[in-house]
Amino acid sequence: ALTKHIRKMVEALPLEAPAPDEGVAAEARHLRALRDRAILLVGYAGAFRRSELATIRSEDVSRGAKGMEIHVPETKTDPRTVGITYAEDASLCPVRALNEWTGAASIEEGPIFRAVPRSAKIATGEEAEPITGKTVRNVIGDAAEDASLDPERMAGHSLRRGHITQGALHGAGLDRLMKQAGHADPRTTAEYVEDARRMETTTAQDLGL
């Protein structure tokens, strides 16, 4: 999932606020769209594993003038803190998207990403449970399908892989990409970078054909 795909997926979400007389179903649909946009943009900008993204808590997020920092205590490697800046395009800004979701859902503590029931009443306090990695995968697949992209190619790993690939295409260095993704082995990151730059490094262009 590259930026062009993320844009299409976000644009396909039913983000327009419902009229007061449209009922609870419309309110739930809108809240779910706000949550899903935040999942897509935060997951992509942070290069998170889906399990990491699903379990982000309010106390893990620190907001500042340039954006936000998200602490990831539960990870396959060492705990890390990920920086996410404001985006120039407000419609694709992960910081604004997360703020809009938490504001609409009145989330001030506990899990950031929660289920949105048909009643539009989102659990609070001790009843609040985080979504699962499976939910993240479903959000990505459903958004891809709604955007007329191939949902089979947009799995739970697509946001993370897409971040590294797009970053490499835009010239981000291996060390920075490795740190953002939390890879313990630079060879893992290097594989993504190599894939992204294959058409630039291929020796087929040196054969005089």
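Bear in mind these aren't lab numbers, they're just calculated from the coordinates by the rules spelled out. Everything quoted here is computed from the prediction, not taken from an experiment. Every residue, glycine among them, receives a Cβ derived from its backbone with ideal geometry; neighbour counts consider all protein chains shown.
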Query raised in the report: Can you work out ³J(HN,Hα) from phi for every residue in segment 62-71, in order, using Karplus 6.51 cos²θ - 1.76 cosθ + 1.60 and θ = phi - 60°, giving whole Hz and x for Gly and Pro?
Result: 10, 9, x, 5, 9, x, 8, 10, 10, 7
Query raised in the report: Considering only HIS170, THR189, GLY110, whose Cα is most displaced toward the positive end of the charge dipole of the chain, charges sitting on Cβ of Lys, Arg (+1) and Asp, Glu (-1)?
Result: THR189
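Which value in deg cm²/dmol, rounded to the nearest 500, describes the helix-derived mean residue ellipticity at 222 nm for the chain, given -39,500 (n - 2.57) per DSSP H run of n ≥ 4 and division by the residue count?
Details: 9 runs with 97 residues, N = 209.
That calculation yields -14000 deg cm²/dmol at 222 nm.
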Report summary line: Relative to the chain, whose Cα atoms define the longest principal axis, helix 94-104 and its Cα axis are tilted in degrees, nearest 10, by 10 degrees
Query raised in the report: Which pairs, out of LYS4/LYS121; LYS4/LYS134; LYS4/LYS179, put more than 26 Å between their alpha-carbon atoms?
Result: LYS4/LYS121
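How fast does the chain diffuse by Stokes-Einstein, in µm²/s, taking the Kirkwood radius from C-alpha pairs at 25 °C and 0.890 mPa s? Before the final figure, lay out each step's value.
Numbers: Rh = 17.9 Å.
The diffusion coefficient I find is 137 µm²/s.
Would you mind calculating the relative contact order of segment 25-165 from Cα pairs under 8 angstrom and at least 6 residues apart, reporting the percent as a whole number? Present the calculation step by step, with values, prior to reporting the outcome.
Details: 209 pairs, mean separation 44.2, N = 141.
So the answer I get is 31 percent.
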Requested in this report: Find out how many positive minus negative residues lie around GLY110, taking Lys and Arg as positive, Asp and Glu as negative, among other residues whose Cβ is under 10 Å from that of GLY110.
Outcome: -4
